[in-house]
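Attaching a single structure in structure tokens format; questions to follow.
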Amino acid sequence: MVQWTAEERAAIQGVFAKLDYESVGIESLTRCLVVYPWTQRYFGGFGNLYNAEAIMSNPKIAAHGIVVLQGLEKALKNMDNIKKTFTALSELHSEKLQVDPGNFQLLADCLTVVIARRMGTDFTPDIQAAWQKFISVVISALRRQYY
Amino acid sequence: MIPVAEDIGSEALLRMFTTFPKTKTYFSHLDISPNSDHLRCHGKKIVQALAEGARNISTLATTLAPLSRFHAYLLRIHPTNFKLLNHCILVTLACHMGDNFTPVAHAAIDKFLSAFSAVLAEKFR
């Protein structure tokens, strides 16, 4: 089981408290689709993904950004058992959506960059370390049901 | 970016050491505590090398040949670590550039850092 120190819990709660799901979600997805274009393969039915401006104004991407952050919020609320909390989500990503798990890290990295942009120098190295630990636990839980 | 080379470079390194502690194993010969002279000096070196690469972007392999040999034969850094430093450089830039760090700028810099690391890692075997 993952051990969280009080400082780590506080750091991660602190990051979430400042997250505006609507804008952070869509910006993270946009960056992922622009910086790592192969990830667009999972968004065939989403309409115009031609360039960054198109993606940022795409309502389906906006809606999906919120879904992703709500998923992360679930992990935050169940920090001591993320593995179990994410069983269904993991099955969804492997069986139905068939997403290559290598891409989870790419979206996570983009999300970290967006948070860094918004928090500026408040996103200290220690807070970054706690946040990335949380993200790696989430990714590991998402990968569990892949066979 | 050059005038703040020391700040950006040392911050990126510090973020990498804090988030991915295994990367510290390559620096037992230096004092890498926050704001130390060694950290700032090393950070500056890295950013200056990146700038040199950017100035000669079409001839990365030739420009970086000495650095490439250095990383492969002398430093022998596990190649996955380059990605970790690249990520921390991006995070540092995002913290400081705010709105100027657009998705397109992000993509371009990530692409450049990947190409740079690929050259540094190409002589490994």
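Laboratory data are not the source of any read-out in this text; all were calculated from the coordinates shown. Keep in mind it's a predicted model, so treat the numbers as computed, not measured. Backbone-built Cβ (ideal geometry, glycine too); neighbour counts: all protein chains shown.
Simple spin-label model, 7 Å along Cα-to-Cβ: A:ALA6 to A:LYS74 in nm?
Placing both labels 7 Å beyond Cα along the Cβ direction yields 3.1 nm.
Right, here's the next one. Note down the magnitude of the dipole of the protein assembly as shown about its Cα centre, charges +1 on Lys and Arg C-beta and -1 on Asp and Glu C-beta and zero elsewhere, to the nearest 20 debye.
About 780 debye.
Among the listed pairs A:LYS60/B:LYS83; A:LYS74/A:LYS133; A:LYS96/B:LYS22; A:LYS18/A:LYS77; A:LYS74/B:LYS83; A:LYS133/B:LYS83, which are separated by more than 26 Å between their Cα atoms?
A:LYS60/B:LYS83; A:LYS96/B:LYS22; A:LYS74/B:LYS83, as the Cα separations exceed 26 Å there.
Considering every residue in B:103-113, what mean count of other chain Cβ atoms within 10 Å of its Cβ is obtained?
On the way: counts 15, 6, 0, 9, 7, 1, 1, 8, 1, 0, 0.
That average works out to 4.
Each label point is 7 Å from the Cα along the Cα-to-Cβ direction; what then is the distance between the points at B:PHE27 and B:LYS111, in nm?
3.0
Further, regarding this structure: In nm, give the distance between the simple-model label positions of B:GLU122 and B:LEU67, each being 7 Å from the Cα along the Cα-to-Cβ direction.
Result: 1.4 nm between the two label points.
Moving on to the next point. How many angstrom separate the Cα center of segment B:90-125 from the Cα center of segment A:77-112?
25
Now for a separate question. Let me know the mean shielding of A:113-126 by other chains, meaning the per-residue number of their Cβ atoms within 10 Å of its Cβ.
Mean number of neighbouring Cβ atoms from other chains: 6.
Using a cut-off of 12 Å between beta-carbons, work out the net charge of the residues near B:SER117 (Lys and Arg +1, Asp and Glu -1, B:SER117 not included). Could the numbers behind the result be given before it?
Details: positive: B:LYS83, B:LYS111; negative: B:ASP110, B:GLU122.
My count for the surroundings of B:SER117 gives 0.
Moving on to the next point. Counting partner chain Cβ atoms within 10 Å of every residue's Cβ in A:37-46, what's the average? Each step should come with its number before you reach the end.
Working: counts 1, 0, 0, 0, 0, 0, 0, 0, 0, 0.
Average neighbour count from other chains, rounded to a whole number: 0.
Work out how much length A:SER57 to A:THR124 would gain on full extension: take 0.36 nm times their residue separation and subtract the Cα-Cα distance, in nm to one decimal. Working shown, then result.
Numbers: separation 67, 0.36 × 67 = 24.12 nm, distance 3.09 nm.
That pair, A:SER57 and A:THR124, stretches by 21.0 nm at full extension.
Which FRET efficiency, nearest 0.05, do A:GLU91 and B:CYS41 yield, Cβ-Cβ r, R0 45 Å?
0.35
Pick out the long, greasy-scoring helices in chain B: whole DSSP H runs spanning 18 Å or more along their own axis by Cα, mean Kyte-Doolittle at least -0.5.
Helix filter hits for chain B: B:5-19, B:80-97, B:103-121.
Working from the alpha-carbon coordinates of chain A, get Rg over Rh, Rh being the Kirkwood radius.
Ratio of gyration radius to Kirkwood radius: 0.96.
When we measure straight from the Cα of B:LYS45, which aspartates and glutamates land under 15 angstrom away, once same-chain ones fewer than 8 places off are left out?
Leaving aside aspartates and glutamates fewer than 8 places away in the same chain, those within reach of B:LYS45 are B:GLU6, B:ASP7, B:GLU11, B:ASP37.
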